[in-house]
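Engineer: Could you have a look at this structure, given as structure tokens, before my questions?
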Amino acid sequence: PGALRIRDLRVRYAPDATWALDGLDLDVAPGEKVAVVGPSGSGKSTLAAVLFRFLDPDAGTVEIGGTSLTSVAADAARTVVSGVPQHPHLFTGSVRANLLLARPDATDEALWDVLRRVRLDGDVAAMPGGLDADVGEHGERLSGGMRQRLALGRALLTDATLLVLDEPTAHLDPDTRDAVLADLLDAAGERAVLLVTHDLERLDRMDTVHVVVDGRVVQRGRPADLLARD
Ligand code: ADP
Ligand code: ADP
């Protein structure tokens, strides 16, 4: 089975509202690195929210590795789809506690290893207490980029075969976006990635780009082919 298979996905925020997702179809193969792009309001965040289980679709099917997303408990879903929501606010307690949410039995060695992979090891080592440093309410003691790296580290500790990254570089200054995105993709390794972004400048590392307009995929292809057209 594919890493992700979405058919005829429909979501609206109120019974009389227009469809935020209006029959969206999308496939991600195992290990494939996919970007979902589109103008503001096209439904990208809504798609990410469905995958993060923040909201339930009104219709359609979402399968992860052949299993229906809605048939697994929300906690279990975090182990199949794990990622970096645009505003990751699930941060309380120490760096270690935040990482252990993903894998309670992880050793400190494994935690430092994952911090290295997301290039947060130096920052954490510099914080008083290291792994025991308190990140503050909603991670207020971390910068936006550090929060996103910590959220990714947590995702990497799971067994997830699909990583969903919702605007993972949104909080970063333009100069560092390329490097961080490259890091994220490297850290993802063999896992499939679905990157939600409005940033058309940094797609050359992706295998496939899906263009979403008004809640539907209107175009898909390799980045070079799509970008050459307009
Ligand atoms: P994008 O992420 O591409 O900017 P969104 O998924 O945020 O698009 O929005 C898709 C549509 O759903 C838009 O019409 C938007 O106004 C609407 N929408 C998004 N979030 C909400 C919400 N929480 N309540 C009501 N409407 C929403
Ligand atoms: P609430 O804060 O209302 O309990 P949720 O239980 O839906 O909301 O999620 C809590 C927080 O967990 C979210 O704000 C989100 O940042 C984080 N979260 C949920 N699922 C994931 C995931 N798959 N990967 C990373 N963070 C997640």
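The values are calculated or read from the model by the stated rules, or taken from the named source; none is laboratory data. If you're wondering where the values come from, they're calculated on a predicted model, not measured in any experiment. Glycine gets a Cβ as well: all are built from the backbone with ideal geometry, and neighbour counts include every protein chain shown.
Engineer: Mind counting the residues in the stretch 1-52 that are charged (D, E, K, R) and within 17 Å of S82 (Cβ to Cβ)?
Structural biologist: Residues in the stretch 1-52 being charged (D, E, K, R) and within 17 Å of S82 (Cβ to Cβ): 2 in total.
Engineer: Could you tell me whether any residue of the stretch 186-203 is of a type in the set (S, T, N, Q) and surrounded by fewer than 23 Cβ atoms within 10 Å (Cβ to Cβ)?
Structural biologist: No, the stretch 186-203 has no match at all.
Engineer: Separate question: Answer yes or no: is there a residue in the stretch 13-21 that is among the aliphatic types (A, V, I, L, M), closer than 17 Å to R216 by Cβ, within 16 Å of ligand 1 (Cβ to nearest atom) and in contact with a Ser or Thr (Cβ under 8 Å, 6 or more places away or on another chain).
Structural biologist: Yes; the residues of the stretch 13-21 include at least one that is among the aliphatic types (A, V, I, L, M), closer than 17 Å to R216 by Cβ, within 16 Å of ligand 1 (Cβ to nearest atom) and in contact with a Ser or Thr (Cβ under 8 Å, 6 or more places away or on another chain).
Engineer: Just to be sure I understand, how many residues within the stretch 32-57 are over 13 Å from G215 (Cα atoms) and at pLDDT 95 or above?
Structural biologist: 4
Engineer: Scan L9, L24, L4, L69 and give me the residue that is within 15 Å of ligand 1 (Cβ to nearest atom) and either under 20 Å from G221 (Cβ atoms) or at pLDDT below 95 (or both).
Structural biologist: Of L9, L24, L4, L69, the one residue that is within 15 Å of ligand 1 (Cβ to nearest atom) and either under 20 Å from G221 (Cβ atoms) or at pLDDT below 95 (or both) is L24.
Engineer: Then there is this: Could you tell me whether V62 is within 16 Å of ligand 1 (Cβ to nearest atom), at pLDDT 90 or above and touching a helix residue (DSSP H, G or I) at 6+ places or on another chain (Cβ under 7 Å)?
Structural biologist: yes
Engineer: Going through R222, R177 one at a time, which residue ends up being closer than 18 Å to L120 by Cα, away from ligand 2 (no atom under 16 Å from the Cβ), more than 12 Å from the chain's Cα centre (by Cα) and among the charged types (D, E, K, R)?
Structural biologist: Answer to the selection: R177.
Engineer: R147: among the basic types (K, R) and either surrounded by fewer than 17 Cβ atoms within 10 Å (Cβ to Cβ) or under 20 Å from V37 (Cα atoms) (or both), yes or no?
Structural biologist: Answer is no for this residue.
Engineer: When you scan the stretch 16-60, how many residues do you find that are surrounded by fewer than 16 Cβ atoms within 10 Å (Cβ to Cβ), assigned to a loop (DSSP other than H, G, I, E, B) and more than 16 Å from ligand 2 (Cβ to nearest atom)?
Structural biologist: Adding up the residues that qualify gives 10.
Engineer: Another one. Please go through the stretch 98-156 and pick out each residue that is free of Cβ contacts under 8 Å to residues at least 12 places away in the same chain and among the aliphatic types (A, V, I, L, M).
Structural biologist: Across the stretch 98-156, the qualifying residues are L100, A125, A126.
Engineer: Of all residues in the stretch 117-161, how many are closer than 11 Å to N98 by Cβ and either at pLDDT below 85 or basic (K, R) (or both)?
Structural biologist: 2
Engineer: Which members of the stretch 1-36 meet the condition of being touching a strand residue (DSSP E or B) at 6+ places or on another chain (Cβ under 7 Å) and among the aromatic types (F, W, Y)?
Structural biologist: Within the stretch 1-36, just W19 meets the criteria.
Engineer: A further question on this structure: Hey, could you check the stretch 217-227 for residues that are aliphatic (A, V, I, L, M) and at pLDDT 95 or above and say which is surrounded by the fewest Cβ atoms within 10 Å (Cβ to Cβ)?
Structural biologist: V218
Engineer: Determine, yes or no, whether D214 is touching a residue at least 24 places away in the same chain (Cβ under 8 Å), more than 23 Å from L115 (Cα to Cα) and either of a type in the set (D, E, K, R) or surrounded by fewer than 20 Cβ atoms within 10 Å (Cβ to Cβ) (or both).
Structural biologist: yes
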